[in-house]
Amino acid sequence: MGFLYETHLHTTEASACSPTPGEDYVEYMMGLGYSGIIVTDHFFTGNSCVPKNLPWKERVDIYCSGYEHAFKKAEGLDFNVMFGIEYNFQGDEYLLYGVDKEWLLANEDIEEKSRREIYDMVHAAGGIMIQAHPYRERGYLSAIHLMPAVCDGAEVYNSGNPDYQNALGYQFAKEHNFLMSAGSDIHSFPMLSMGGMSFPYKINSIQEYVKAFLAGDGTPVFRINPKDENTVFTEVEKSRALTVISQGPTLPVIMHE
């Protein structure tokens, strides 16, 4: 399987929906065979637990603390902890890779930006923008929002989605010739299934991850019952249930230019 990386992970320090401290993931994910994780907490525009009434620097400090705690826990271990962001607009969320804390501190007006503006800012910093779970449906969502023009790729496997929603995301990526990503979207553990990106070589930094992803060297993979020693990570493309549409979306789909 090569080197396996979790690309979508939430901590209690910054994500209101996660009960898990950043440092608690390190041992657990190593035990499942991961070589590293990308911490992608919900940003202030999404399901964040960071207070809105604090000065910008304090908000950013709290937001980055889950990543920083995990990074510190992994010091001295053969396990790489990297920083990312999950940015929300109208229920459509994007995984930002290749930006950092200093980038956030320098962009205090980021919450006011459009999809296109965020995309341009991320690219200017050498990063990429991946649409997370494109066809996700939840009770609190009224529509599915898609904007292919601001995507460097799409998440085609998300452990929190039923197979048909992942298959819709896979076909979305195929239709637009996107590079494909996979992740667990882990908030706590254990999970019934896990996802990730497998590479034939070790990734040592988020910049290396961005370069490797853009080179097409990553393979989206998933694993059912990850604590069962008889199960293994499998390529998403080898699963009919995850790649062939069995039903359409039930929410209206809004395509943004």
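The values are calculated or read from the model by the stated rules, or taken from the named source; none is laboratory data. Since the structure is predicted, the reported quantities are computational estimates derived from the model, not experimental observations. Every residue, glycine as well, gets a Cβ built from its backbone with ideal geometry; the counts of neighbours run over all protein chains shown.
Quick notes
- Residues in the range 202-229 that are in a loop (DSSP other than H, G, I, E, B) and more than 23 Å from N161 (Cα to Cα) were compared, and the one that is modelled with the lowest pLDDT is E229.
- The condition of being buried (at least 18 other Cβ atoms within 10 Å of the Cβ), within 21 Å of G218 (Cβ to Cβ), of a type in the set (F, W, Y) and modelled with pLDDT of 95 or more holds for only one of Y34, Y63, that being Y34.
- Of all the criteria given as (1) in contact with a strand residue (DSSP E or B) (Cβ under 9 Å, 6 or more places away or on another chain); (2) in a loop (DSSP other than H, G, I, E, B), the one not satisfied by Y25 is (2).
- Set A212, A182: member being closer than 21 Å to G2 by Cβ, without any contact (Cβ under 8 Å) to a residue 40 or more places away in the chain, touching a Gly at 6+ places or on another chain (Cβ under 9 Å) and surrounded by 15 or more Cβ atoms within 10 Å (Cβ to Cβ): A212
- Filter result for L32 (of a type in the set (A, V, I, L, M) and touching a strand residue (DSSP E or B) at 6+ places or on another chain (Cβ under 7 Å)): yes
- Residues that are within 14 Å of the chain's Cα centre (by Cα), farther than 21 Å from P21 by Cα and not hydroxyl-bearing (S, T, Y), drawn from the range 180-205: M180, A182, M197
- Among residues of the range 185-209, those that are in contact with a Lys or Arg (Cβ under 6 Å, 6 or more places away or on another chain) and crowded, with 16+ Cβ neighbours inside 10 Å, counted: 1
- Contact map, the range 229-257: residues that are closer than 25 Å to F199 by Cβ and without any contact (Cβ under 8 Å) to a residue 12 or more places away in the chain paired with residues that are part of a loop (DSSP other than H, G, I, E, B) and of a type in the set (S, T, N, Q), Cβ distance under 6 Å, separation 6+ or inter-chain. Pairs shown: T231/N225.
- Subset of the range 146-181 [assigned to a helix (DSSP H, G or I), touching a strand residue (DSSP E or B) at 6+ places or on another chain (Cβ under 6 Å) and of a type outside the set (A, V, I, L, M, F, W, C)]: N166, G169, Y170
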